[in-house]
Amino acid sequence: MKKKVGLSDEQIKKIEEINLKFHKQLLEKREQIQPRNLKLRRLLLEKEIDLDDVGELLREVSGLEAEIRLDRIKHRIEIEKLLTEDQKKKMKREMRRDRKDND
């Protein structure tokens, strides 16, 4: 995609840095979600299910998942700021093609 969009070496370097930062944040959030999901499963196996505890865990997981979604949007915006209008159009076109190929 780098060639098709026409990214400069400097843009590629900055995008790689942005991607690394994003993936680290994503991993941190997933590390927070995983133990909560395990605890939730454990709670649901109990003879007496405490709905307050279940609800609290669900809210925590939902909050972290919402943060991930927001981080993804911020990530995309941060990358788009580095692109020219022409590059943005090419990138969107390539992404649509990729989605069609995956369907």
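The numbers here are math on the coordinates, done by the rules we state, and not lab data. Everything numeric here is computed off the predicted structure, so don't read it as measured data. Please note: Cβ atoms are built from the backbone with ideal geometry, for glycine as well, and neighbour counts cover all protein chains shown.
Put a dot 7 Å past the Cα of D50, heading toward its Cβ, do the same for R36, and the two dots end up 1.7 nm apart. As a proxy for reagent exposure, H75, H23 were ordered by neighbouring Cβ count within 10 angstrom, fewest first; the result is H23, H75. Positive end of the dipole of the range 7-97 (Cβ unit charges, origin at the Cα centre): among Q32, V61, I18, the Cα lying farthest that way belongs to I18. Extending 7 Å from the Cα toward the beta-carbon at both R76 and E16 defines two label points whose distance is 2.5 nm. GNM, the chain, Cα, under 10 Å: largest mean-square fluctuation among K39, K74, K47? Checking each option, the largest mean-square fluctuation is seen for K47.
When the Kirkwood radius is taken over all Cα pairs of the range 1-76, what Stokes-Einstein diffusion coefficient follows at 25 °C and 0.890 mPa s, in µm²/s? Numbers along the way, then the final one.
On the way: Rh = 14.9 Å.
The diffusion coefficient I find is 165 µm²/s.
Per the helix-only calculation at 222 nm, which mean residue ellipticity applies to the chain, given -39500 (n - 2.57) for every DSSP H run of n ≥ 4 and division by its residues, nearest 500 deg cm²/dmol?
That comes out to -30000 deg cm²/dmol.
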